[in-house]
Amino acid sequence: MPFYEELVDATSTERDYFLSAPIISDVMAGHFNLDTYLAFLHQAYHHVRHTVPLLETARSNLGADQQWMEPSLTAYIAEESGHEAWILDDIEACGESRNTWANRPPGFHTEMMVAYLYDVAQRVNPAGIFGMVLVLEGTSSSLAPAVAKIVQEHLDLPDTAMTYLTTHGELDQTHIAHFEAVMNRVSSEEDRAAIIHAANNVYRLYGNVYRDIPSGAALTAEAA
C-alpha cells in the first residue's frame, strides 16, 4: 500500500473526531452568526501565523537522510507566506479592527496545538510536520469551499470578507496531489510513524480548537 493511502487510513478515527465537532454541523445548518465567524477567524489567525515558522523550523532540523524533503518544505513555505494577512483583511472587511483581533490572545486549544507542533519540529522528528500539512490542507480542501459559500450567504458578507476561506480552499485543492506524491516517497519507517502520530494528534487538537469556537463567539458577544 502506498504510504499516502496508509496515512489516510491510519488517521481516519481522529479525522472523524475532528469532523464531528458540533460547529461544523451547525454551520452547515446555518446555525451561526457573525460572532461565530469572527471567533473562527481569530483562532485561524493564531495558528496560521505560525505555519511558515513551523515549516522553517522543521526544515532547519532535517537529518542527513531527510534532506530530500527540503524542496517540498521550501515550496510549502513560499505558498503559505502571508496567509495570516488574509485573515486580518477578512476581519477588517467584517467591520472589525484588525489590530484589536490580532492582539487578542489565542484560545487554549490553539495555543496547545501550536506548541505541540513546535515540539514535533524541534525535538521529536521534523518529518512529523507533514502530519500538520495533511490535517490543515486536507480540511481546507474538503470544507472551505462549501463553508465559505454558506457563511457568505448567511451573513451577507462581501467577497473581501471571505479571502481566507475561498483562496485557501482553492489553493489547498491543488496541493493535495503534490502532497500525496511527497508522502509516497517516504520510505523510512521512523518518519512514517512520526507523520502518522503527528497527524492523529493534530486532528485531535484541531478538533478541540473547533469545539471551542462557540465559547469564543460568546465572549465576543459579551465584549460587544
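The values are calculated or read from the model by the stated rules, or taken from the named source; none is laboratory data. Quick caveat: nothing in here was measured; it's all calculated off a predicted structure. Note that each Cβ is placed from the backbone with ideal geometry, even for glycine, and that neighbours are counted across all protein chains shown.
A few notes on this one:
Results for (1) of a type outside the set (A, V, I, L, M, F, W, C); (2) at pLDDT 95 or above; (3) in a helix (DSSP H, G or I), shown as yes or no for each residue.
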site: E79; (1), (2), (3): yes, no, yes
site: D90; (1), (2), (3): yes, yes, yes
site: G95; (1), (2), (3): yes, yes, no
site: N99; (1), (2), (3): yes, yes, yes
site: A115; (1), (2), (3): no, yes, yes
site: A121; (1), (2), (3): no, yes, yes
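- Considering (1) closer than 30 Å to E190 by Cα; (2) not in a helix (DSSP H, G or I), the lone condition that P105 does not fulfil carries the number (1).
- Residue that is more than 16 Å from V202 (Cβ to Cβ) and buried (at least 19 other Cβ atoms within 10 Å of the Cβ), where the choices are D9, D35: D35
- Pairs linking a residue in the stretch 61-73 that is within 10 Å of I129 (Cβ to Cβ) to a residue that is assigned to a loop (DSSP other than H, G, I, E, B), with Cβ atoms under 8 Å and 6 or more positions apart or on different chains, are M69/L62; L73/L62.
- Single unsatisfied condition, A161 versus (1) touching a Leu at 6+ places or on another chain (Cβ under 9 Å); (2) modelled with pLDDT of 95 or more; (3) more than 19 Å from R98 (Cα to Cα); (4) not hydroxyl-bearing (S, T, Y): (3)
- Qualifying residue in the stretch 56-69 (condition: surrounded by fewer than 13 Cβ atoms within 10 Å (Cβ to Cβ), among the acidic types (D, E) and farther than 20 Å from L205 by Cβ): yes
- Extreme residue, surrounded by the fewest Cβ atoms within 10 Å (Cβ to Cβ), among residues of the stretch 13-32 that are within 26 Å of R123 (Cβ to Cβ) and of a type in the set (S, T, Y): T13
- Any hit, the stretch 24-37, residues being at pLDDT 95 or above, closer than 23 Å to A115 by Cα and aliphatic (A, V, I, L, M): no
- Filtered by the rule that a residue be surrounded by fewer than 23 Cβ atoms within 10 Å (Cβ to Cβ), aliphatic (A, V, I, L, M) and over 14 Å from the mean Cα position of the chain (by Cα), the stretch 116-140 gives a lone residue, V124.
- The number of residues in the stretch 170-205 that are more than 23 Å from K149 (Cα to Cα), at pLDDT below 90 and surrounded by 14 or more Cβ atoms within 10 Å (Cβ to Cβ) comes to 1.
- Condition met for H175 (within 20 Å of I87 (Cβ to Cβ), part of a helix (DSSP H, G or I) and touching a Gly at 6+ places or on another chain (Cβ under 6 Å)): no
- Selection within the stretch 206-224: residues that are hydroxyl-bearing (S, T, Y) and closer than 30 Å to T13 by Cβ. The member of this set that is modelled with the lowest pLDDT is S215.
- The single condition among (1) closer than 25 Å to R185 by Cα; (2) not in a helix (DSSP H, G or I) that P53 does not meet is (2).
- Complete set of residues in the stretch 81-103 that are over 17 Å from V52 (Cα atoms), of a type in the set (G, A, S), without any contact (Cβ under 8 Å) to a residue 40 or more places away in the chain and surrounded by 11 or more Cβ atoms within 10 Å (Cβ to Cβ): S97
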